[in-house]
Amino acid sequence: MKPADQFRLLELSERYADEKLSAAEVAALEAELKASADARAFFAKALHQRAELSFDDCWHTQAASAAPAAASKPVWWRHALTAAAAACVTFGLVWLQSTRDGTVATLIRAQQCQWAGSSLPTVEGARLKPGMLDLIEGLAVLRFDSGAELVLEAPATVEVIDGMNCKLRRGTLVAEVPPQAKGFSIDTKDAKVIDWGTKFGLSAGEDGKYMVQVLEGLVEVDDKSGASTKMLEKGQRVDHGWSRSQMHPPGGDDAEPSLWQPSIVLDTGDGWQAVTTAFGRGKDSYIQSSEKKPNDFGTHPFFRVKRSRDIKPDLNRKGYIAFDLSKFSGRPIEDAELVLTIEPSELGFASFVPDSTFAVYGVLDEVEDAWEETGLSWQHAPAHDPEQAERHLPAASKVKLLGKFEIAQGINRGTRKLRGKDLADFLNADTNQIATLMICRETNETQDSGLVHAFATKENGTRSAPMLRVKLR
């Protein structure tokens, strides 16, 4: 809602409470409130605030000492009653609209969204009845008529039940519940989360694993396995196997070989050839600034990248990839392109990180090309100073910046490419037939538990490993 509209509604609320609106103005106001959920919420808030500001403790003293007549009651009493009645009318309009057409929520924002098998309309501004929303890309915001708001972060599937209840079948959301919607609940397969006027994040899988993290206020978590109900306050969380399942995703030696991970040099046409990190001595992994984490990241089906400068500096992550250049030895490279495939990491909240910029660096010291996937750690990694203040960056004197790319907020699929003379020059300068690149995120998270970005590795069973395409002169 625009500031001008807010000021206009604020003035109307004052005149309404003072009984100074004409019959025509009242009719016009009621029509506007019926048509706009934002207007209803703002109008109700304005009346409620007026009633609170009008309260005067001296009334209790007067009442106790003299029991004054109704005519001597202070003006605030009539205003408070008027405001309360008007608020009831306002919320009554919401209830009447819901009962008349069956709708219980509004899709107020759809950013970079792609939808799958949804049974509900997915156009921004659409009114929603009970049904299913299946978001496969982007961010979507639902506002229930009760006032509760959910930010869905793809991939996520949510079932809208009514104005005070929904079910998260899979994925991640952030819920913000105002005082008037206290008791709003979200079901998962193995838990029921009841909000008592707060803000929290919830992740859940179809296998029953879930995590609840409270950002503000108070949340009740009822585990359906029979465990005792937990009351969580700001900064607390309950993790029912979710984080472990994401840090150790399925895959490994028993996974079926993927056609996306060729161990040969590919001819991609027009003079271009390509190799992935699955070819020859190629490799991919990442490091994390906490020594408490395992250093087996080289076995994961994606490498993770994150910048957490001020909030939790032990959660910074940097990606490492290396390409075997032996098949191009002795042949000048005219042009080059790096291709990375974005994967959902399922760690952190996308709405806590804005559009993000990533930098790609080439490691200059060829001695450091000998790193091993299983031995890479925060204390031992190429072109890296574990003690430097800017933990998300490489050691500046040991790298060459090759270029940057961006990923918009909410995007967790697709590819990003980096092409240009700097990359080609770096590859041409190689003398040991292997080249190491670092991927770092320059964009900081805006609050605790921001998204960790991820990119497919050669261990991934469905997505392409990091690929280097070169055009030989």
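The values are calculated or read from the model by the stated rules, or taken from the named source; none is laboratory data. Note that the structure is predicted; figures quoted are calculated from it, not measured. Neighbour counts are summed over all protein chains in view; Cβ atoms, including those assigned to glycine, are modelled from backbone coordinates with ideal geometry.
For this structure, a couple of remarks:
- Neighbours by Cβ (under 7 Å, 6+ apart or cross-chain): first from region 438-466, over 16 Å from A322 (Cβ atoms); second acidic (D, E) and surrounded by fewer than 24 Cβ atoms within 10 Å (Cβ to Cβ): A454/E343; G461/E256; R463/E343
- Considering only residues in region 409-449 that are buried (at least 21 other Cβ atoms within 10 Å of the Cβ) and in contact with a Ser or Thr (Cβ under 7 Å, 6 or more places away or on another chain), the one that is nearest to F279 (Cα to Cα) turns out to be R441.
- Sub-6 Å Cβ pairs linking a first residue in region 324-344 that is touching a residue at least 60 places away in the same chain (Cβ under 8 Å) and outside the structural domain of D267 (by TED's automatic domain parsing) to a second residue that is surrounded by fewer than 20 Cβ atoms within 10 Å (Cβ to Cβ) and of a type in the set (K, R), at least 6 apart or interchain, number zero.
- Test: residue in region 1-9 that is small (G, A, S), outside any helix (DSSP H, G or I) and surrounded by fewer than 16 Cβ atoms within 10 Å (Cβ to Cβ): no
- Residue within region 387-408 that is closer than 21 Å to G138 by Cβ, β-branched (V, I, T) and part of a loop (DSSP other than H, G, I, E, B) present: no
- Counted residues, region 205-231 - those being over 21 Å from A181 (Cβ atoms) and within 18 Å of the chain's Cα centre (by Cα): 3
- Taken over region 10-26, residues that are among the hydroxyl-bearing types (S, T, Y) and surrounded by 15 or more Cβ atoms within 10 Å (Cβ to Cβ) amount to 2.
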